[in-house]
Amino acid sequence: MERDYDDIPGTYVFDGRRSRQGYALNMFCMSLNDAAHREEFTSDEAGYLDRFDLTDEQRTAVLERQWLRLLQLGGNIYYTFKLAALDGLTMQDIGGAMSGMTTAEFSDMMIGGGRSIEGNRHRGASA
Amino acid sequence: MRIVGGVGTSHVPAVGAAIDLGRQEEPYWAPYFEKIQPARDWVAGHAPDVCVVVYNDHASAFSLQLVPTFALGVGARFEPADEGYGPRPVPTVEGHPELAWHLAESLILDEFDITIVNEMAVDHGLTVPLSILFGQPEAWPCKVIPLCVNVVQYPPPTGRRCHELGRAIRRALDSYAGTDADDLTVAVVGTGGMSHQLQGERAGLVNPDFDAAFLDALVADPDTSRMRPHSEYLREAGSEGIELVMWFVMRGALGDEVREVYRQYHVPTSNTGNGLIVLEPVDG
């Protein structure tokens, strides 16, 4: 079913559709709140992921740190950020990675006032 | 019991990190911390005994396993959460179980079906606003009643529902007859926002015009602005800007008329447009 926010560009609203798709993926990320789990994951990433019912695509996206793909596969940013933080990355790092910019470019954009709403309201539109 | 006022503020984790790591004087952060000083002065001057802090959990105490729309902390203490990179080095949050239980009972009988929470860790959504208001004390100078609102799993509650919950909190506070009721002073803190989007190709979105209009309408005409549909927040304020619905809980608790004491707006803190507003009730 179409939603009234589906035409917002570059935005993955974490609704029921995405929550169903990403439940196992997000619960894997949630497990990283525990320091012992972080250690276990770090020492054997693939083996640790076997504990969760991920699709092959989700598994690859985790192992290869495909930040945008993780959202497209049902990940929620607050969950996937736990994986990023484990890698020592900041929100600027993955904000840049998801939007095709370097961290420096992304940080400069923020210092310049952030990404403008103009041209970013509707997919395929300029207003 | 007396409500001394309300504060709306962003709760971006980078602000907490700047305080924890002593970076307030650095060029990136100094302008922001200058702008929040009047709010710190205001709260120090009023020294509320209790702060009801309306915030959201970010996959810390609650995961997708269980997503309460409104969860009220009635416990005696709440520890800082490990959000995936260790807990913040901040004091344990002390609750106010007698008042919190009164709120829980009153709200449920007033037809707000809140979730009662005895034990939960509290993440940056709650502790960063405390750091913004109080800095780095050995212990927080007030009791805190956490009111956790789901804004992570879509859909969050509507602005209207949040505003009505705030009004119900006010009714509950006014009927409090606990052992300390006579002299008790309370502040209500609404947190989150302002415009920001952390995710996707549109990450980094900030919309100062939306944020200014949001604040103006929050003060002057909440009965109209609470009807703003979720899709408008998502589109205009970014996917995480929808946290702003929580400010309506604070606004509702202050009564129909408020006096704006102070506001600041600053871009950027991390990936966000950062706002703060201090309001006082006119009738109290």
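The values are calculated or read from the model by the stated rules, or taken from the named source; none is laboratory data. Note that this is a predicted model, so its numbers are computed, not measured. Neighbour counts are summed over all protein chains in view; Cβ atoms, including those assigned to glycine, are modelled from backbone coordinates with ideal geometry.
Of all residues in segment B:47-76, those satisfying the criterion of being more than 18 Å from the chain's Cα centre (by Cα) and away from chain A (no Cβ under 14 Å) are B:Gly75, B:Ala76. Is it true that B:Arg202 is of a type in the set (Lys, Arg), under 25 Å from A:Ile77 (Cα atoms) and modelled with pLDDT of 95 or more? Considered against the rule, which asks whether it is of a type in the set (Lys, Arg), under 25 Å from A:Ile77 (Cα atoms) and modelled with pLDDT of 95 or more, B:Arg202 comes out as yes.
Filtering segment B:152-171 to residues that are within 14 Å of chain A (Cβ to nearest Cβ) and not β-branched (Val, Ile, Thr) leaves B:Gln153, B:Tyr154, B:Pro155, B:Pro156.
Rundown of residues vs (1) more than 18 Å from A:Cys29 (Cα to Cα); (2) within 7 Å of chain B (Cβ to nearest Cβ); (3) out of contact with any strand residue (DSSP E or B) (no Cβ under 6 Å at 6 or more places or on another chain); (4) not polar (S, T, N, Q), yes/no style:
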position: A:Ile77; (1), (2), (3), (4): no, yes, yes, yes
position: A:Phe81; (1), (2), (3), (4): no, no, yes, yes
position: A:Leu89; (1), (2), (3), (4): no, no, yes, yes
position: A:Ile94; (1), (2), (3), (4): no, no, yes, yes
position: A:Ser99; (1), (2), (3), (4): yes, yes, yes, no
position: A:Thr102; (1), (2), (3), (4): yes, no, yes, no
position: A:Phe106; (1), (2), (3), (4): yes, yes, yes, yes
position: A:Gly112; (1), (2), (3), (4): yes, no, yes, yes
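Return yes or no: is B:Val122 within 14 Å of chain A (Cβ to nearest Cβ), hydrophobic (A, V, I, L, M, F, W, C) and buried (at least 22 other Cβ atoms within 10 Å of the Cβ)? It is true that B:Val122 is within 14 Å of chain A (Cβ to nearest Cβ), hydrophobic (A, V, I, L, M, F, W, C) and buried (at least 22 other Cβ atoms within 10 Å of the Cβ). Inspect all residues belonging to segment B:254-268 and state whether any of them is surrounded by 20 or more Cβ atoms within 10 Å (Cβ to Cβ), away from chain A (no Cβ under 14 Å) and in contact with a Pro (Cβ under 8 Å, 6 or more places away or on another chain). Yes, that holds for at least one residue. Selection over segment A:2-41 of residues that are closer than 19 Å to A:Gln72 by Cβ and not in a helix (DSSP H, G or I) gives a count of 13.
Scan the helices (runs of 4 or more DSSP H) fully inside segment B:174-284 and keep the ones with 2 or more residues being within 17 Å of the chain's Cα centre (by Cα).
Counting at least 2 such residues, we get B:208-220, B:247-253.
Comparison of B:Ala187, B:Ala237 shows that the only residue that is crowded, with 21+ Cβ neighbours inside 10 Å and either at the interface with chain A (Cβ under 8 Å from one of its Cβ atoms) or in contact with a Gly (Cβ under 6 Å, 6 or more places away or on another chain) (or both) is B:Ala187.
Within the set A:Arg65, A:Arg69, the sole residue that is surrounded by fewer than 18 Cβ atoms within 10 Å (Cβ to Cβ), assigned to a loop (DSSP other than H, G, I, E, B) and not aromatic (Phe, Trp, Tyr) turns out to be A:Arg65. Got at least one residue in segment A:49-66 being more than 8 Å from chain B (Cβ to nearest Cβ) and within 22 Å of B:Val12 (Cβ to Cβ)? No.
Of all residues in segment B:240-251, none that is on the phi > 0 side of the Ramachandran plot and surrounded by fewer than 24 Cβ atoms within 10 Å (Cβ to Cβ) has its Cβ atom under 7 Å from the Cβ atom of a residue that is in a helix (DSSP H, G or I) and modelled with pLDDT under 95, 6 or more apart or on another chain. Tallying residues that are in contact (Cβ under 8 Å) with a residue 12 or more places away in the chain and buried (at least 21 other Cβ atoms within 10 Å of the Cβ) within segment A:84-94 yields 3.
Confirm whether B:Thr272 is under 19 Å from B:Gly6 (Cα atoms) and surrounded by 19 or more Cβ atoms within 10 Å (Cβ to Cβ). No, not satisfied.
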